[in-house]
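One structure below.
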Amino acid sequence: MKKYLLTPGPTPVPERVLLASAKPIIHHRTPEYGQALSEGIEGLKYVMQTKNEVFIFTASGTGAMEGCVVNLLSPQDKVLVVNTGAFGRRWVEIIRSFGIEPEVIEYPWGRVAKPKDVEKKLREIPGIRAVFTQSTETSTGVVNDIEAIGNIVAKTEAVLVVDAVSGLGGQELKTDEWNVDVVASGSQKGLMLPPGLAFVSISQKAWKLVENSKLPKYYWNFKAYKKSLDENRETPYTAAVSLIMGMQESLRMIKEEGLEHILRRHAILASATRAGVEAMGLELFAEAPCNVVTAVKVPEGIDGQRLVKMMREEYGVGIAGGQREYKGKIFRIAHLGYMDRFDVIIGLSALEIALSKLGYKIEVGKGVAAAEKEFLK
């Protein structure tokens, strides 16, 4: 059975990238590797739209998040977390694991962060060192107004740290223009790579915190990474060489298509997916839907977990279910990275068939037709 991957990570990997990753391995202390690493860093700056320092780690996106925490903070620091879902909660859990109790603005799942709430907290609590939030919240399909939050935080001494693990390369993120001090991301989503690489960009404002951070760190030491890059164009520890070679190719593909076109493609795919599920009589979960994944409420009387399993096992179409307390209550269809119009058509078609078999009353083909109309605009 042919398989189609429409999950919000890992996402499909282009053949060009797979072939680049499959080349004979090279040593990570050579000029050839240094060139690939340097090209990768410059490519990431292009995608992030930044001139800031960028580091690459062998880890998942969660590793990048932990790296941000231990390099920016010290014991007793005051920090604010804007929590709009499972990955906002992850910021809270990471920060607490290092003995710091964050102030949290928590929204119901599916709701968007309100910049005025951030402004109010920063005014009420003097001395906040950092504000942590998400660009796109993968668990709910929400996109937050990072530009507005960035403008607010920029007027204070605090730095803005954004989880862009799912959003990078699919949802607009103008790091420098929007005053985002730190971006954490990963390889397996918009960058069209397998899991295993984590990325961090960091501003000069944030670097002042790095210089004074007192939390324990060894592998995640940003100063060690900067020193190694500046002196030798190397990472201080063994890198995932094959993934770096693949990243070099994926970033070339991104530049060939052009970031502006890529963002527009994602917006069109998102619009078509939303139109398709709504034409089936389904309800979107996110208050402010993002362009990388569409979260949909499971209709009453349907087993959400069985729906996801049926699509994967009977039709070869992988989508994601809900997380934590929303397990079985929502499902998520990604339109992220190496995806195009017919990935959406296939996903919606399989969804219509699966829902019909599970007893949901639907006019088969209506969702697909609605998506196709979006593509004709």
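The values are calculated or read from the model by the stated rules, or taken from the named source; none is laboratory data. Quick caveat: nothing in here was measured; it's all calculated off a predicted structure. Using ideal geometry, Cβ is built from the backbone for each residue, glycine included, and neighbour counts are taken over all protein chains shown.
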**Prompt:** Just checking, which of 146, 125 is surrounded by fewer than 24 Cβ atoms within 10 Å (Cβ to Cβ) and of a type in the set (Val, Ile, Thr)?
**Reply:** 125
**Asked** Of 273, 235, which residue is under 23 Å from residue 70 (Cα atoms) and touching a helix residue (DSSP H, G or I) at 6+ places or on another chain (Cβ under 7 Å)?
**Response** 235
**Message:** Condition (residue is out of contact with any Ser or Thr (no Cβ under 8 Å at 6 or more places or on another chain), under 24 Å from residue 249 (Cβ atoms) and crowded, with 22+ Cβ neighbours inside 10 Å) applied to segment 41-53: is it met by at least one residue?
**Reply:** yes
**Request:** Just give me the residues in segment 203-238 being farther than 28 Å from residue 27 by Cβ and of a type in the set (Val, Ile, Thr), in sequence order.
**Result:** 210
**Asked** Between a first residue in segment 302-323 that is over 17 Å from residue 362 (Cα atoms) and part of a strand (DSSP E or B) and a second residue that is modelled with pLDDT of 95 or more and among the β-branched types (Val, Ile, Thr), which pairs have beta carbons less than 6 Å apart while being 6 or more apart in sequence or on different chains?
**Response** 318/7; 320/7; 321/308
**Prompt:** Which residue pairs have Cβ atoms closer than 6 Å, lie 6 or more positions apart in sequence or on different chains, and pair a first residue in segment 222-240 that is in the same structural domain as residue 39 (by TED's automatic domain parsing) with a second residue that is outside any helix (DSSP H, G or I) and of a type in the set (A, V, I, L, M, F, W, C)?
**Reply:** 225/55
**Request:** May I ask you to list the residues in segment 318-350 that are touching a Ser or Thr at 6+ places or on another chain (Cβ under 6 Å) and over 21 Å from residue 283 (Cβ atoms)?
**Result:** 318, 336, 337
**Fill in**
residue 239 passes all but one of the listed conditions (1) at pLDDT 95 or above; (2) in contact with a Leu (Cβ under 9 Å, 6 or more places away or on another chain); (3) among the aliphatic types (A, V, I, L, M); the exception is number (1)
**Message:** Given the criteria within 23 Å of residue 295 (Cα to Cα), touching a strand residue (DSSP E or B) at 6+ places or on another chain (Cβ under 7 Å), of a type outside the set (Gly, Ala, Ser) and surrounded by fewer than 24 Cβ atoms within 10 Å (Cβ to Cβ), does residue 171 qualify?
**Reply:** yes
**Prompt:** residue 43 passes all but one of (1) within 20 Å of residue 229 (Cα to Cα); (2) assigned to a strand (DSSP E or B); which number fails?
**Reply:** (2)
**Prompt:** Between residues in segment 174-187 that are at positive phi and residues that are assigned to a loop (DSSP other than H, G, I, E, B) and surrounded by fewer than 24 Cβ atoms within 10 Å (Cβ to Cβ), which pairs lie under 8 Å by C-beta distance while being six or more apart or on different chains?
**Reply:** 179/154
**Message:** Tell me yes or no: at least one residue of segment 107-116 is in contact with a strand residue (DSSP E or B) (Cβ under 6 Å, 6 or more places away or on another chain), of a type in the set (A, V, I, L, M, F, W, C) and under 21 Å from residue 191 (Cα atoms).
**Reply:** no
**Prompt:** Does any residue in segment 334-363 that is in contact (Cβ under 8 Å) with a residue 60 or more places away in the chain and assigned to a loop (DSSP other than H, G, I, E, B) come within less than 6 Å, Cβ to Cβ, of a residue that is buried (at least 19 other Cβ atoms within 10 Å of the Cβ) and of a type in the set (A, V, I, L, M) six or more places away or on a different chain, and which pairs are these?
**Reply:** 335/269; 335/270; 335/344; 336/292; 337/192; 338/192; 362/280; 362/355
**Message:** So for segment 258-267 (the condition being without any contact (Cβ under 8 Å) to a residue 60 or more places away in the chain and more than 30 Å from residue 365 (Cα to Cα)), does at least one residue qualify?
**Reply:** yes
**Request:** Go through the residues of segment 339-358 one by one and say whether even a single one is within 27 Å of the chain's Cα centre (by Cα), modelled with pLDDT under 95, surrounded by 17 or more Cβ atoms within 10 Å (Cβ to Cβ) and under 21 Å from residue 190 (Cβ atoms).
**Result:** no
**Request:** Assess whether residue 11 counts as being crowded, with 18+ Cβ neighbours inside 10 Å and either under 22 Å from the mean Cα position of the chain (by Cα) or in a helix (DSSP H, G or I) (or both).
**Result:** yes
**Prompt:** Out of 2, 45, which single residue is closer than 23 Å to residue 259 by Cα and either of a type in the set (D, E, K, R) or assigned by TED's automatic domain parsing to the domain that holds residue 333 (or both)?
**Reply:** 45
**Request:** Go through (1) within 29 Å of residue 20 (Cβ to Cβ); (2) small (Gly, Ala, Ser); (3) in contact with a strand residue (DSSP E or B) (Cβ under 9 Å, 6 or more places away or on another chain) one by one and return the number of the condition residue 190 breaks.
**Result:** (3)
**Prompt:** From the list 149, 128, which one is closer than 14 Å to residue 81 by Cα and over 20 Å from the mean Cα position of the chain (by Cα)?
**Reply:** 128
**Fill in**
If we take segment 199-278, then helices (runs of 4 or more DSSP H) inside it with 3 or more residues that are of a type in the set (Val, Ile, Thr) are 241-257
